[in-house]
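Peer 1: Below are the structure tokens for one structure; questions will follow.
The values are calculated or read from the model by the stated rules, or taken from the named source; none is laboratory data. Please read these numbers as outputs of a predicted model, since none were measured by experiment. Using ideal geometry, Cβ is built from the backbone for each residue, glycine included, and neighbour counts are taken over all protein chains shown. With ligands, DNA and RNA removed, areas are computed over all heavy atoms of the protein, side chains included. Shrake-Rupley method; radii C 1.70, N 1.55, O 1.52, S 1.80 Å.
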Amino acid sequence: MRLIGLLGGTFNPIHFGHLRMAQELAEVLSLDEVRFIPSANPPHKTAPSVSAKHRANMVQLAVENNPLFKLDTRELQRIGASYTIDTLTSLRHELGNNVALCLMMGSDAFTKLNSWHRWQELLNFCHLILVQRPNNRTKQPLVKELESILHQHYTQHSEDLTSYAAGYIHMQAITELDISSTTIRETFKRKLMPRYLMPETVINYIQANQLYV
Ligand code: ATP
Ligand code: MG
């Protein structure tokens with residue numbers, strides 16, 4: 001069974017935390033590809049300061065020299081809130097049921113999963129791959145319903161991911177990089193340079209388009 005990694009996010013902007021997570025998971029789980037899926041209208045954030053088109057363009061610049069990585073713009077083609085469940089439904093239509101979809105997320109995102117639209121159905125469409133996000137200051141204990149989902153679907157064996165197309169939760173240790181888009185946006189606002197935290201091509205794009213000024 002083919003294994004496809006999915007990384008959704010606002011990517012405002014994309015940085016090495018996202019890219020390194022995708023690379024390490026692709027290698028350790030033998031993923032056939034990783035799709036980066038920018039959220040057009042993230043339901044739980046105030047509207048991003050930078051358009052979905054610019055955010056997608058930055059993802060494209062960041063992934064274009066890696067043959068495993070692809071930009072997937074399907075959320076930009078929809079109107080209304082960008083719900084992951086709709087994205088997964090659409091990917092299933094496109095790819096069929098013989099590929100395993102591995103939705104990757106950081107611990108901060110998983111902690112809030114129970115606020116996602118139709119979140120109980122997500123595991124019918126994909127596996128979840130959880131990575132630890134360092135220095136998660138707002139770290140909260142998992143609510144009971146997430147504890148129980150984790151308990152029911154957890155596997156420590158990554159080989160399980162290829163035996164079913166969906167339904168497992170796996171945790172993978174990766175190099176923890178304390179990088180966030182929030183601190184990068186603040187860095188630009190303070191007229192400082194976030195070099196070595198993100199691709200130079202993306203920094204150049206931001207400057208050329210005067211984003212985050
Ligand atoms: P913001 O500060 O604007 O929320 P962010 O850096 O958290 O931006 P997102 O686009 O919100 O980036 O994150 C998309 C996904 O990538 C989420 O699942 C998030 O947990 C994960 N992620 C982001 N940065 C890291 C990192 N440094 N290490 C591991 N996972 C990360
Ligand atoms: Mg975030």
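Peer 1: Averaging over all projection directions, find the projected area of the Cα convex hull of the chain and quote it in nm² with one decimal place.
Peer 2: Averaged projected area of the chain's Cα convex hull equals 11.3 nm².
Peer 1: Between segment 52-104 and segment 116-191, what's the alpha-carbon centroid distance in Å?
Peer 2: 17
Peer 1: Continuing with this model, one more query. Using each residue's phi in segment 155-168, evaluate 6.51 cos²θ - 1.76 cosθ + 1.60 at θ = phi - 60° and report the 3J(HN,Hα) Karplus result to the nearest Hz, with x for Gly and Pro.
Peer 2: Each residue of segment 155-168 in turn: 9, 9, 9, 5, 4, 4, 5, 8, 8, 9, 7, 6, x, 9 Hz.
Peer 1: Where nothing but the Cβ of Lys and Arg (+1) and of Asp and Glu (-1) is charged, how large is the charge dipole of the chain around its Cα centre, in debye to the nearest 20?
Peer 2: 900
Peer 1: Counting alpha carbon pairs within less than 8 Å and at least 6 residues apart, what relative contact order, in whole percent, applies to the chain?
Peer 2: 26
Peer 1: Net charge within 13 Å of Leu192 by Cβ-Cβ distance, Lys/Arg positive one each and Asp/Glu negative one each, not counting Leu192 itself?
Peer 2: +4
Peer 1: Can you tally the lysine pairs in the chain where the Cα-Cα distance is under 19 Å and the two residues are eight or more apart, or on different chains?
Peer 2: For the chain, the number of qualifying lysine pairs is 6.
Peer 1: Here is a further query. Work through the residues other than Ile4 whose Cβ is under 9 Å from its Cβ and net out their charges, Lys, Arg +1 and Asp, Glu -1.
Peer 2: 0
Peer 1: Compute the accessible area per residue over the chain, keeping the other protein chains in place, probe 1.4 Å, unit Å².
Peer 2: 51
Peer 1: For the chain, which whole percent of the accessible surface, found with a 1.4 angstrom probe, sits on carbon and sulfur atoms?
Peer 2: On the chain, the fraction of accessible area on carbon and sulfur atoms equals 51 percent.
Peer 1: Further question on the same structure: I want the local charge near Thr175. Using Cβ-Cβ distances under 10 Å, sum +1 for each Lys or Arg and -1 for each Asp or Glu among the other residues.
Peer 2: Result for the local shell: -1.
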